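These notes concern the structure reproduced below.
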Amino acid sequence: MMFDEIIGNEQIKEELKRLVDENKVSHSYMFIGTEGIGKQMMARDFAQIILCTNEMKKNCGQCKSCIEFISNNHPDFLYLEPDGNSIKIEQIRYLQRKIQEKPIISNKKVYIINDADKMTTEAQNCLLKTLEEPPEYSTIILIGSNENAFLNTIKSRCMKISFQPIESKSIKKYMEETYEMTNISQNMLDAFQGSIGKAIILKNKKQQYETIEAIIENLNQKDIIDILKLSENIYQSKDEIMNILEYMNIILLKLAKENIQYANCIEIIENTKKRLNQNANYDMSIDNMILNMWEEVN
């Protein structure tokens, strides 16, 4: 069935189904939303539906088009993603050459550009020519998390579909059933930020996050030596320090509703982020942050 394996954004699923059923599929779409909420999966399923040649049951999984699509060999489908840190003009020029070729298996051709918000300005201006005069058989789907990265001329020629964060209860159920991840705290669910992708990334960090959570929540009851043990946990997490600091902020924000001193701790963390982004000494920055937070609430 269409979109069955995708969690959340039910209204978008219904709208895309309606567009196919009523033969009103547009030439260009922009799928916008935070990372890890199913935009790419939705785009691929949508592409398969558009390309399916079974008029009675779209996305049948049995026609030649569906078989070729599932095996990643469909001649009427192209998937682009960044080459390094960006999508370059050469990649868009390749798309333009391919899009001029008539469909081979299907009546349509579909092009997905993942992380399209990483297109260079030159690449966007190049793509604009195709968006202005697309072949009647083509559909282009741009996927991105930063709408502001797109030129206004690009945005004006695409039908924007805004993806919403996935409900915490749905993420919780998915993580329990798929990864047997139990006893997920509300703080950790908040840290997932409505993104199953982020939940999957953080699932192996549960114990570490629980340790941080316990110490932050008892910040005003611990000896400074106990608090500095938190630093040991963070020292080993340099590559994901921004995620950890965000998690600390989530906990502090809830505590700040009862005690304003915790709001000051949030400011301490934000200052730490700035220093780290300016390449300050990592260990010293973390030590100062922990010490200043402890002093703030004691």
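Return the residue satisfying two criteria in turn: it lies in region 17-34 and is under 21 Å from TYR137 (Cβ atoms) and touching a Lys or Arg at 6+ places or on another chain (Cβ under 7 Å), and of such residues it is modelled with the lowest pLDDT.
VAL20
Just to check your reading of the model, which residue among ILE241, ILE234, ILE224 is under 22 Å from the mean Cα position of the chain (by Cα) and touching a residue at least 12 places away in the same chain (Cβ under 8 Å)?
ILE241
What pairs come up if the first residue lies in region 1-21 and is loosely packed, with under 11 Cβ neighbours inside 10 Å, the second is modelled with pLDDT of 90 or more, and their beta carbons are under 8 Å apart, counting only those six or more places apart or on different chains?
Close Cβ pairs satisfying both conditions: GLU5/MET41; ARG18/LYS24.
For residues that are in contact (Cβ under 8 Å) with a residue 24 or more places away in the chain and under 26 Å from the mean Cα position of the chain (by Cα), tally how many sit in region 85-109.
So the count comes out to 9.
The rows are residues; the columns are (1) among the hydroxyl-bearing types (Ser, Thr, Tyr); (2) on the phi < 0 side of the Ramachandran plot; (3) surrounded by fewer than 18 Cβ atoms within 10 Å (Cβ to Cβ).
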site: THR182; (1), (2), (3): yes, yes, yes
site: MET188; (1), (2), (3): no, yes, no
site: ILE200; (1), (2), (3): no, yes, yes
site: ASP223; (1), (2), (3): no, yes, yes
site: TYR247; (1), (2), (3): yes, yes, no
site: LEU252; (1), (2), (3): no, yes, no
site: TYR262; (1), (2), (3): yes, yes, no
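From the list GLU14, GLU55, which residue is part of a loop (DSSP other than H, G, I, E, B), modelled with pLDDT under 95 and among the acidic types (Asp, Glu)?
The conditions single out GLU55.
Check whether at least one residue in region 195-212 is under 15 Å from ILE290 (Cβ atoms) and either in a helix (DSSP H, G or I) or assigned by TED's automatic domain parsing to the domain that holds SER138 (or both), and report yes or no.
Yes, because at least one residue in region 195-212 is under 15 Å from ILE290 (Cβ atoms) and either in a helix (DSSP H, G or I) or assigned by TED's automatic domain parsing to the domain that holds SER138 (or both).
Going through region 122-143 one residue at a time, which ones are over 19 Å from GLU15 (Cβ atoms) and either touching a strand residue (DSSP E or B) at 6+ places or on another chain (Cβ under 6 Å) or assigned by TED's automatic domain parsing to the domain that holds ILE200 (or both)?
ALA123, LEU131, TYR137, SER138
Under 9 Å between Cβ atoms, at least 6 apart or on separate chains: pull out the pairs that start in region 162-177 with a residue that is on the phi > 0 side of the Ramachandran plot and in the same structural domain as LEU189 (by TED's automatic domain parsing) and end on any residue that is among the acidic types (Asp, Glu) and exposed (fewer than 14 other Cβ atoms within 10 Å of the Cβ).
Once the first residue is on the phi > 0 side of the Ramachandran plot and in the same structural domain as LEU189 (by TED's automatic domain parsing) and sits in region 162-177, no partner that is among the acidic types (Asp, Glu) and exposed (fewer than 14 other Cβ atoms within 10 Å of the Cβ) comes close enough.
Within region 169-194, which residues are within 16 Å of GLY38 (Cα to Cα) and outside any helix (DSSP H, G or I)?
GLN193, GLY194
For region 110-137, how many residues meet the condition of being more than 17 Å from GLN40 (Cα to Cα) and either free of Cβ contacts under 8 Å to residues at least 60 places away in the same chain or in a loop (DSSP other than H, G, I, E, B) (or both)?
Within region 110-137, residues that are more than 17 Å from GLN40 (Cα to Cα) and either free of Cβ contacts under 8 Å to residues at least 60 places away in the same chain or in a loop (DSSP other than H, G, I, E, B) (or both) number 17.
Give me the residue from region 250-285 that is among the aliphatic types (A, V, I, L, M) and in contact with a Leu (Cβ under 6 Å, 6 or more places away or on another chain) and, out of that set, farthest from ILE234 (Cα to Cα).
ILE266
When the residues of region 94-113 are filtered to those that are farther than 13 Å from LYS129 by Cα and touching a strand residue (DSSP E or B) at 6+ places or on another chain (Cβ under 7 Å), which remaining residue is surrounded by the fewest Cβ atoms within 10 Å (Cβ to Cβ)?
Going through the qualifying residues, I end up with LYS98.
Please find, within region 192-221, the residue that is nearest to the chain's Cα centre (by Cα) out of those that are of a type in the set (A, V, I, L, M) and more than 22 Å from GLU296 (Cβ to Cβ).
Of everything passing the filter in region 192-221, ILE196 is nearest to the chain's Cα centre (by Cα).
When you look at ILE266, is it in contact with a helix residue (DSSP H, G or I) (Cβ under 6 Å, 6 or more places away or on another chain), in the same structural domain as TYR179 (by TED's automatic domain parsing), buried (at least 16 other Cβ atoms within 10 Å of the Cβ) and not polar (S, T, N, Q), yes or no?
Yes, satisfied.
The values are calculated or read from the model by the stated rules, or taken from the named source; none is laboratory data. Please read these numbers as outputs of a predicted model, since none were measured by experiment. Heads up, the Cβs are rebuilt from the backbone with ideal geometry, glycines too, and the neighbour counts pull from every protein chain shown.
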